[in-house]
Amino acid sequence: MNPSRLLICTSGLPGSGKGVVLQAAERLGLPTFVMGDIVRSETAKQGLEPTTANTAKIMLQYREEYGPHVFAELTAKEIEKSKAAFVLVDGVRSTDELNYLRGRGWGVVMVAVLSSSDVRFERLSRRGRVDDVRGREEFLQRERREISVGIDEVILHAEHYLVNEGQSEEEVLAEAEATLREILRGRAGVA
């Protein structure tokens, strides 16, 4: 297969710090597509504030009504508008989404971002986004919901892993950038 485009996809449990890979992609000039932004956008289109409860409701409702790959399909429509050969897709949550993107004939490489439960809870508690958790029980509910749609399978089968804890933000960012460069070099001779 000679894919027309390469998608570098990230996955990780809530609060794992996938944003560091987004920052690295932006440093390299890669267009980025955030699946969570699409969920939040669809939540707003329904006239709902993008809180944890509302985004969870829309995520599950859309998957039930339109199929488990619905957010990959919506993301793919946005990717199609880009003429870039290499893009970053943040937030793949299920093998259905991953298979949908692969089924488009695009090259797909998965990068899983890992952090411990305590670190992820702390990040989500202080991040300040409207859909972040407000307590340990809400954190555990969100984690169980993500696992229920299959994020654990996506993480398990990633080609690359990035541990995002115990280092400075700049060190993790440098590692993320090195990982992206390695992927690009392996797929297109890009330095």
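The values are calculated or read from the model by the stated rules, or taken from the named source; none is laboratory data. Just so we're clear, the structure is a prediction, and the values are computed from it rather than from any experiment. All Cβ positions, glycine included, derive from the backbone under ideal geometry; neighbour counts span all protein chains shown.
Kindly check whether there is at least one residue in the range 11-18 that is touching a strand residue (DSSP E or B) at 6+ places or on another chain (Cβ under 9 Å), part of a strand (DSSP E or B), touching a residue at least 24 places away in the same chain (Cβ under 8 Å) and not aliphatic (A, V, I, L, M). So far as the range 11-18 goes, yes, one or more of its residues are touching a strand residue (DSSP E or B) at 6+ places or on another chain (Cβ under 9 Å), part of a strand (DSSP E or B), touching a residue at least 24 places away in the same chain (Cβ under 8 Å) and not aliphatic (A, V, I, L, M).
Close contacts from the range 121-137, counting a first residue that is surrounded by 13 or more Cβ atoms within 10 Å (Cβ to Cβ) and a second that is part of a loop (DSSP other than H, G, I, E, B) and modelled with pLDDT of 80 or more, with Cβ to Cβ under 7 Å and a gap of 6+ residues or different chains, come to 121/15; 123/15; 123/17; 124/14; 124/15; 131/50; 131/51.
Specify which of the listed residues (81, 77) is within 22 Å of residue 46 (Cβ to Cβ) and either touching a Cys at 6+ places or on another chain (Cβ under 6 Å) or of a type in the set (Lys, Arg) (or both). Being within 22 Å of residue 46 (Cβ to Cβ) and either touching a Cys at 6+ places or on another chain (Cβ under 6 Å) or of a type in the set (Lys, Arg) (or both) holds for just one of 81, 77, which is 77.
As for the range 116-132, it holds at least one residue that is of a type in the set (S, T, N, Q) and either at pLDDT below 90 or under 17 Å from residue 21 (Cβ atoms) (or both).
Applying the criterion of at least 1 residues that are under 30 Å from residue 173 (Cβ atoms) and of a type in the set (Phe, Trp, Tyr) to the helices (runs of 4 or more DSSP H) found wholly in the range 22-100 leaves 70-81. Restricting attention to the range 143-191, the residues being in contact with a Gly (Cβ under 7 Å, 6 or more places away or on another chain) and surrounded by fewer than 16 Cβ atoms within 10 Å (Cβ to Cβ) number 1. Within the range 5-44, the set of residues being hydroxyl-bearing (Ser, Thr, Tyr) and over 20 Å from residue 165 (Cα atoms) comprises 32, 41, 43.
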